[in-house]
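Report on the following structure.
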Amino acid sequence: MIRNYFKTAWRNIMNNRFYAAINVFGITIGLVVGIFLLLWTLDELSFDRFHRNAGEIHRIGIEGGTGISKQIFTKIIPAVATFAKNEIPEVEETVRIMSAGDAPFKYKDKSFIEPNFAFVDPSYFTVFDFEMIKGNKSNPFPDNNSLVITERTAKRYFGSEDPIGKMVTMGLGELCKISGVITDYPENSTFQYQVMLPMSRFNDLAYTQRKTSYDGKTIVPSMDADWVNFSFETFLLLKPKSNITTVEKKLQAIHERNKPEDAPVPYLTQALPSIHLYKADGGDGGISVVRTFAVVAIVLLAIACINYVNLATARAMLRAKEISMRKIIGAERFQLFVQFILESALLFVIAALLAIALMNLLLPYFNQFSGKQIQLGLSNHQVWYCIGLTLLGTLLASSLYPALLLSSFKPLNALKGKFSAGIANSSLRYSLVVVQFTTSIVLIAFTFIIQGQLEYVRSIDLGYNKENIFSFSMRPETQQHFGAVKDELLKNPAIIDAARVGRDMIHGGSSTGDNDWDGKPANSNTWFHQTFADENLIDFFGMKVVQGKNFTGSVADSLHFLVNETAIREMGLKDPIGKRLRIQTVNGTIIGVVKDFHFASVHQKIEPVVFQFKPENCWRMYIKTTGSDAPKAIAAAAATWKRYSDDVPFTYDFLDESYHKLYTMEQKQGTVFSLFATVAIMISCLGLFALATYTVQTKTKEVGIRKVLGASASSVVRLLSKGFLKPVAIAIFLAVPIAWWAMSIWLADFAYRIDIKWWVFVAAGGSAVLIALLTVSWHAMRAAMTNPIDTLRDE
C-alpha cells in the first residue's frame, strides 16, 4: 500500500513538473533563509550558557551621574570584590578582570601584539568553565611572573613544543613563564582573552611599587584599598537561590561605608547569560535584533508554506474528478489524506535535500558575513535539531490543510462541477497572499529606513574632521620624544599635521564624577568624559572654540580646562569663562568652551567633556594626510615607529573607518533586510502566481464568452488583473502602521536619527503593486490571447 502511495505521488509530481518545480523552489528558498536565521538566533541566545553555574554568576555594575551624564558602569573599583567575598554570605566566590588592551610579547625572534590581554584573579579558572589542558587549575599562577595562554596562542608562539615553563618577554623586557594552557574559547563566549596574567602582578606593579595616589597625598597600598579606579570587571558567584536585590543593597552599603563622601551609589547585578544581548540595566543590547530575525525567519517559512497551500488548493479543481472517481471505486477519505500527505512529504524531501546542499555551499559566506563559526557536521546535534524541527514544522503547516481539503470532496458534486465552499471560495487564498505582501512591504520599508539612517550617520557633522586621518598607540619611547617624532614626520610632504591625544577619538577614554565647581548644586552628580590634550588638539581636528580661548601650551595650562557646550548646560553656568572647576585632584579654571562634537556613536546623546592640558598623558598619535598621499604617510609613520620600537609591529587605524565600524551591525542589518525583502517578494510572487493560475482556470469559460461577444484582449487583461490588486492594496493598508511602529522602535535606539517620511511607504507599496502586476500579467495575457472557440469547445 505504501509503495503504491509513493508511486502515485511520484507519478503526479512528474505529470505536473512545472507546478512541482515552483513548489520546490519556493520551499527551498524559504528553508535556506529561514534555517540560517534560526541558527544565527540560536547561536546568539546560547552565549555563555555553557558554564555550569551560568545562572549564579553575576557581573556587578553601578549607576553614576545625573541628567544627561547618567551612566551605568560595568567596570568598577577593585576593592568591592574582596569586601563582598568577606562580608556578604550570599557570595561564594569573586572574579576580577582588568582588560589591558594591546601588549607586545616576544619569544626568541618572534614578536606578537596581543589585543586580548588581561589581568585576572586565579578564581577565573574555577568560576568559569574553561578547561585547563596544561597546568594546575587550582593554582594557575604559581607566582607573579606566571602566564596562562590559550591553545591557539600556544601554537602561534611555540608550534608543537610544550609551552609549560617557556619564558616570553612582555612589554619592556619583562620575563614571564608559561604556567598554564586552556582550550580555545567557544565562539559563543563573551570572554576571548588570549593571554592572562595574575591580578597580584598588577597589584604589585600599580600599587606596591608605584605607590599609587589619587589625591596627591594619600598613598593607596593595594587594590583592596582602592575606591577610585573604575577599571575592573567584577563577577560574583552567588549561592543558589540568593536574593539579588539584597546582594545589590549590601554592595551599595559596603561602598558608601568605605567612600562616604560619594553621592549614593546604586549597585546592580547582571546574570552572565544576559550580558551578550542586554545592557547592564536590562535595556536592549541586541535582543531586539535577535527577536526581529527570529520573527522574520518564521514569517519567511510561513510565506513558503502559504505558497504551497495556495498552489495546492488552486489546482484542486483539476484533481476533483480524479479524487471523486477514486472515492466511487472504494477509496476511503483517510487513504486519500495519507496519499496527499505523502505527495507533500515527497516534495519536501526534494526541497530539504536541495536546501541542505545549498546551505553547505553558502555556509562559508554566511559565516563570513555573520561572524559566526556554525558547522553543519553530523556531530553538531543542536544544528540538526533546529533543521529537523524546522523541516517537520514547515511540512505539517503546509500539507495538512490541502490534504484535508482534497480528501473532503463529495464525489457526486465534484463530477457535476459543484465544489464545496472551501474550494470555490478564494477568500482564504486572498488572505494568505495579503499576509505575504504585508510582510514584503514591511521589509521593503524597513530596508529604506535602515539605508536612510546609515546615510544620515555617514553624512552627519561630527563636530570635528575625520577624513584622511590615521592613528596609532604610542609606545613609551615615542611618547617621551613626541616633539622630535612630530618634527621628523612633518618633514615628509605627505603629512599635513600630527597631534597627540589621551583618548581614542572614536571609542572614548576615562570618565570621572569626582568634580566640583562654583555654584554646583548639592544634589548634582555630573560625570565628565576626560580628554587629555595639548595645545594642538583643537586646531588639528577642526573643532570650534565658541567661548574663551584654546590652550596656549604654557605651564599655566596645567590648571586650565576646556569644556564642551553640554558640560556647561549640565553645570548650569551662564558665564563659564574664568569659573573655578575641580577635576579629581586638579583645581583650575575654565578658559574655553568647545562646540559639541560626537565622540561616540550617534546611538547616545553628546555628554559632558572636559579637556585637560596633560601632554604627558597623551598616548595616541593622530596623523593627517591626503587621500592620494596616505600610503606615503603610513610608510613614513612606520619608519619612525621602527626607529623607536623595532621589536613591536606597527599597527594603525583610519579615523573614518573606525567611525563606520561603530555601525557594522546596522550595515549588516541593512544588507540582511534587503535580502529578506527580496526573498519575501520572490516567494510572494509565487503565491500570486497560484492565485492567477486558479483565477484563469475558473474564468476560462467567462473569458471565451466575452471574447465571442467582442471583448478586446486589453479589456480581458484588465478584468483578470484588477482582482489581484485588491489583496496588494489591503496589504499596503495593513503594512503601513506595522512598518511605522517597527521602524519607530528601531530608530528609537539612536539619539540622533532621521524622520520617517511618507514617501517610504509610497515607494514600498508602489514596488509591491508593480511586482504584483508583472507577476500576473503573463497569465492574463495568455488567457486574453487564447482562441475562444478552443475554450468553449473544451467546456
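The values are calculated or read from the model by the stated rules, or taken from the named source; none is laboratory data. The model shown is predicted, which means the values in this text are computed figures rather than measured ones. No Cβ is skipped: glycine too gets one built from the backbone with ideal geometry, and neighbour counts run over all protein chains shown. Quick note on the areas: whole protein, heavy atoms, side chains included, nothing else; ligands and nucleic acids left out. Shrake-Rupley method; radii C 1.70, N 1.55, O 1.52, S 1.80 Å.
Figures for the structure shown
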read-out: Residues within region 624-638 that are at pLDDT 90 or above and either in contact with a strand residue (DSSP E or B) (Cβ under 7 Å, 6 or more places away or on another chain) or open to solvent by 50 Å² or more (accessible area, probe 1.4 Å) (or both), tallied; value: 7
read-out: Condition met for residue 607 (open to solvent by less than 60 Å² (accessible area, probe 1.4 Å), within 28 Å of residue 472 (Cβ to Cβ) and either assigned to a helix (DSSP H, G or I) or in contact with a His (Cβ under 8 Å, 6 or more places away or on another chain) (or both)); value: yes
read-out: Test result for residue 81, at pLDDT below 85, among the aliphatic types (A, V, I, L, M) and over 27 Å from the mean Cα position of the chain (by Cα); value: no
read-out: Any hit, region 297-320, residues being open to solvent by 60 Å² or more (accessible area, probe 1.4 Å), modelled with pLDDT under 80 and more than 25 Å from residue 673 (Cβ to Cβ); value: yes
read-out: Every pair of residues 6+ apart whose Cβ atoms lie under 6 Å, when the first sits in region 35-56 and is touching a residue at least 40 places away in the same chain (Cβ under 8 Å) and within 14 Å of residue 367 (Cα to Cα) while the second is among the hydroxyl-bearing types (Ser, Thr, Tyr) and in a helix (DSSP H, G or I); value: 35/390; 40/370
read-out: Test set (1) part of a helix (DSSP H, G or I); (2) open to solvent by less than 40 Å² (accessible area, probe 1.4 Å); (3) modelled with pLDDT under 65 - residue 331 fails condition number; value: (1)
read-out: Residue pairs meeting the criteria (Cβ under 6 Å; at least 6 apart or on separate chains; first free of Cβ contacts under 8 Å to residues at least 60 places away in the same chain, in region 160-172; second of a type in the set (Gly, Ala, Ser)); value: 163/154
read-out: Which numbered condition residue 121 fails, given (1) surrounded by 16 or more Cβ atoms within 10 Å (Cβ to Cβ); (2) modelled with pLDDT under 90; (3) in contact with a strand residue (DSSP E or B) (Cβ under 7 Å, 6 or more places away or on another chain); value: (2)
read-out: Subset tally (residues that are free of Cβ contacts under 8 Å to residues at least 60 places away in the same chain and within 17 Å of residue 607 (Cβ to Cβ)) for region 521-542; value: 0
read-out: Strands (runs of 3 or more DSSP E) fully within region 524-576 counting 3 or more residues that are more than 18 Å from residue 622 (Cβ to Cβ); value: 545-548, 560-564
read-out: Which listed residue is in contact with a strand residue (DSSP E or B) (Cβ under 9 Å, 6 or more places away or on another chain), open to solvent by 10 Å² or more (accessible area, probe 1.4 Å) and within 12 Å of residue 618 (Cα to Cα), from 511, 473; value: 473
read-out: Residue match in region 522-544 (condition: over 19 Å from residue 614 (Cα atoms) and either touching a Leu at 6+ places or on another chain (Cβ under 7 Å) or basic (Lys, Arg) (or both)); value: yes
read-out: Verdict on residue 482 being more than 30 Å from residue 673 (Cβ to Cβ) and either among the β-branched types (Val, Ile, Thr) or in contact with an Asp or Glu (Cβ under 8 Å, 6 or more places away or on another chain) (or both); value: no
read-out: Qualifying residue in region 656-669 (condition: touching a helix residue (DSSP H, G or I) at 6+ places or on another chain (Cβ under 9 Å), buried (at least 20 other Cβ atoms within 10 Å of the Cβ) and of a type in the set (A, V, I, L, M)); value: no
read-out: Restricting region 162-175 to residues that are modelled with pLDDT of 90 or more and not in a strand (DSSP E or B), the residue that is farthest from residue 102 (Cα to Cα); value: 162
read-out: Residue check for residue 594: under 21 Å from residue 534 (Cβ atoms), open to solvent by less than 10 Å² (accessible area, probe 1.4 Å) and within 36 Å of the chain's Cα centre (by Cα); value: yes
read-out: Some residue of region 580-588 being of a type in the set (Lys, Arg), more than 30 Å from residue 657 (Cβ to Cβ) and either within 32 Å of the chain's Cα centre (by Cα) or open to solvent by 20 Å² or more (accessible area, probe 1.4 Å) (or both); value: yes
read-out: Residue within region 293-310 that is touching a His at 6+ places or on another chain (Cβ under 8 Å) and part of a helix (DSSP H, G or I) present; value: no
read-out: Residue among 774, 734, 747, 770 that is open to solvent by 70 Å² or more (accessible area, probe 1.4 Å), under 20 Å from residue 295 (Cα atoms) and out of contact with any Leu (no Cβ under 7 Å at 6 or more places or on another chain); value: 734
read-out: In region 130-151, the residues that are assigned to a strand (DSSP E or B) and open to solvent by 60 Å² or more (accessible area, probe 1.4 Å); value: 133, 134
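Conditions tested, residue by residue: (1) open to solvent by less than 40 Å² (accessible area, probe 1.4 Å); (2) of a type in the set (Phe, Trp, Tyr); (3) in contact with a strand residue (DSSP E or B) (Cβ under 8 Å, 6 or more places away or on another chain).
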residue	(1), (2), (3)
250	no, no, no
257	no, no, no
260	no, no, no
266	no, no, yes
273	yes, no, no
290	yes, no, no
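To keep it simple, each residue is scored yes or no on (1) more than 30 Å from residue 657 (Cβ to Cβ); (2) under 36 Å from the mean Cα position of the chain (by Cα); (3) open to solvent by 10 Å² or more (accessible area, probe 1.4 Å); (4) not charged (D, E, K, R).
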position: 504; (1), (2), (3), (4): no, yes, yes, no
position: 521; (1), (2), (3), (4): yes, no, yes, yes
position: 526; (1), (2), (3), (4): yes, yes, no, yes
position: 529; (1), (2), (3), (4): no, yes, yes, yes
position: 533; (1), (2), (3), (4): no, yes, no, yes
position: 542; (1), (2), (3), (4): no, yes, yes, yes
position: 561; (1), (2), (3), (4): yes, no, no, yes
